[in-house]
Amino acid sequence: MSSFSYAGEETPVSAKSELSRVTDQIKKAQKEHQDLKQKAKSVQKEILNVRRKMVAAAGSIQEQEESLDRLEQKLEEFEAQQALMKKRLEVRKAQRTRVLAALQSLAYKPTEALIAQPMKPQDTLRSALLLREAVPQLEYSTEGLRKDLNKIASLTTAIRAQYAQIKTMTRRLNEKRQSMNALIKKKSELQTAFASESSRAKERAEKLARQANDLKELLAKLEAESKRQEKEDNQKSVPTGAFMAAKGRIPYPVKGNIIKQYGQVDAGITSKGITIQTRSNAQVISPYDGKVLFAGPFRGYGQLLIIEHGDGYHTLLAGIGRLDTSVGQSLLAGEPVGIMLAQSKPTLYIELRKNGQPINPATWLNQKNKG
């Protein structure tokens, strides 16, 4: 009885001690959870600040690229003018040389020339008159030569100044690209905490891409997967109607010249988007807020980027040389997503789809900002 009583007295104490220990562990775990949530918020806030800086930097890079295009075009015009002036100069020099040779011949050996080629008095007079006319023409030719030489000298100075300006602009562009790379690296480091989820999302997207028969089927599967993921994570997508409200004001993803329009037929194939020829290593941005559904190689499209904007709208970008974003990431309008190939005159293919069907991107993009 005594031992039973002892055991009965000890059990509540032991249970209370165990409960206290578990309670402490729960409190500690809750504190750790709150700390992690606060840390996640802090990281997300920092990522957002970096992304905003990237938007500004990308815009600045595209402006520099556009300015460099104009400078190089002006340089080509100067060089073409210089080549034309040099040709004119050669013609003037040849004409002047022939006239001088004739005058020198008559000046040094006029008598011998007349004896060797006896002429009638009227022919001799005519020759004298022609030579008298040649002198003012020679003076005019000399003045023309002087003007041409001055013009060539002026163009040479302009070309040198243009080269210097291009060199300075190229250096600034490279500096801005280095800054952008630093921002991209910082963003990547900050997102390490979310890398595992991004990796899983990428794997799911790649798996869907392997299963998809064509782009339309891929889009449908990606959108279904995105909605499922949003429901699981309780995330909010782009506000309804926001993309529609931006119609006609959306910036082009890259600076360059349109070489193929929507609906254009080439070799019997109708283009479902537009194609832009760009500079080597040109900056590519997200045209509007959205979420990356796909980022990687896909069949004949090469490196393909698909951005979901909400309300069934998707932007497809193909031809990017280096992708700087990944599946599952949210994007701000103007946020850099990659750079073009490091080759001569690379091209970016842009397609806009509504519920899987291609629509004309030109009616949505800002025509004043097409590069």
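The values are calculated or read from the model by the stated rules, or taken from the named source; none is laboratory data. Bear in mind the structure is a predicted one, so any value in this text is a computation, not a measurement. FYI the Cβ positions are ideal-geometry reconstructions off the backbone, even for glycines, and counts take in every protein chain you see.
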message = Checking residue 317 against (1) in contact with a helix residue (DSSP H, G or I) (Cβ under 9 Å, 6 or more places away or on another chain); (2) within 16 Å of residue 356 (Cα to Cα), only one condition comes out false. Which one?
response = (1)
key: In the stretch 318-348, the residues that are among the β-branched types (Val, Ile, Thr), in contact (Cβ under 8 Å) with a residue 40 or more places away in the chain and either within 27 Å of residue 249 (Cβ to Cβ) or outside any loop (DSSP other than H, G, I, E, B) (or both)   = 337, 339, 347
request  = Please state which one of 216, 260, 176 is surrounded by 11 or more Cβ atoms within 10 Å (Cβ to Cβ), touching a strand residue (DSSP E or B) at 6+ places or on another chain (Cβ under 6 Å) and either among the small types (Gly, Ala, Ser) or modelled with pLDDT of 70 or more (or both).
outcome  = 260
query = Which condition breaks for residue 295 when tested against (1) farther than 21 Å from residue 61 by Cβ; (2) in a strand (DSSP E or B)?
reply = (1)
inquiry  = What are the pairs with Cβ atoms under 7 angstrom where one residue, in the stretch 258-273, is over 13 Å from residue 358 (Cβ atoms) and the other, located anywhere, is surrounded by fewer than 13 Cβ atoms within 10 Å (Cβ to Cβ) and modelled with pLDDT under 95? Sequence gap at least six, or different chains.
reply    = 260/266
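So, residue 294, is that one in contact with an Asp or Glu (Cβ under 8 Å, 6 or more places away or on another chain), assigned by TED's automatic domain parsing to the domain that holds residue 343 and touching a residue at least 40 places away in the same chain (Cβ under 8 Å) or not?
no
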